[in-house]
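What follows is a single structure, written as structure tokens, with notes after it.
The values are calculated or read from the model by the stated rules, or taken from the named source; none is laboratory data. These numbers come from a predicted model, not from an experiment. All Cβ positions, glycine included, derive from the backbone under ideal geometry; neighbour counts span all protein chains shown.
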Amino acid sequence: MNSVLVSCAVSRSELELRNPIGGRLRGAYNPIMKHLTLPIVVEADSDGYFVSCPALQGCYSQGDTYEEAVENIKDAIRLHIEDRLADGEEIPEHVSVSLSTVEVAV
């Protein structure tokens, strides 16, 4: 299992801006792209590669090659974030993920 960071650009049709007091301002259309760096976990098996983004619960993809899986998760992340923004949900910007191993007796 590999853990890597993926950076992807996210365009938002409705951009949420925070004013200094903490309120929100909504703009109709704004072509600004925001770049986020999010952790992903890539797992290889006999069918190819499975990849997930722990920072975005339920965001996962797959690919026949490692490179294809990483490109596919970038698309999945963009779509996931667009859906979250449309629903007015927060987007995690600073995420820390720890990858460890445990020993289990079987």
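Kindly indicate the residue of the range 66-95 that is within 19 Å of Val51 (Cα to Cα) and without any contact (Cβ under 8 Å) to a residue 24 or more places away in the chain and also surrounded by the most Cβ atoms within 10 Å (Cβ to Cβ) among those meeting that condition. That would be Ala76.
Could you look through the range 96-106, keep only residues that are β-branched (Val, Ile, Thr) and out of contact with any Pro (no Cβ under 7 Å at 6 or more places or on another chain), and pick out the one that is farthest from Tyr49 (Cα to Cα)?
At the first step, the residues of the range 96-106 found to be β-branched (Val, Ile, Thr) are 97, 101-102, 104, 106.
If we keep only those that are out of contact with any Pro (no Cβ under 7 Å at 6 or more places or on another chain) as well, we get 101-102, 104, 106.
On the way: Thr101: 20, Val102: 22, Val104: 25, Val106: 26 Å.
Residue satisfying both the conditions and the ranking: Val106.
Annotation: Ala69 fulfils all but one of (1) modelled with pLDDT of 95 or more; (2) in contact with a strand residue (DSSP E or B) (Cβ under 7 Å, 6 or more places away or on another chain); (3) part of a loop (DSSP other than H, G, I, E, B); (4) small (Gly, Ala, Ser); the unmet one is (3).
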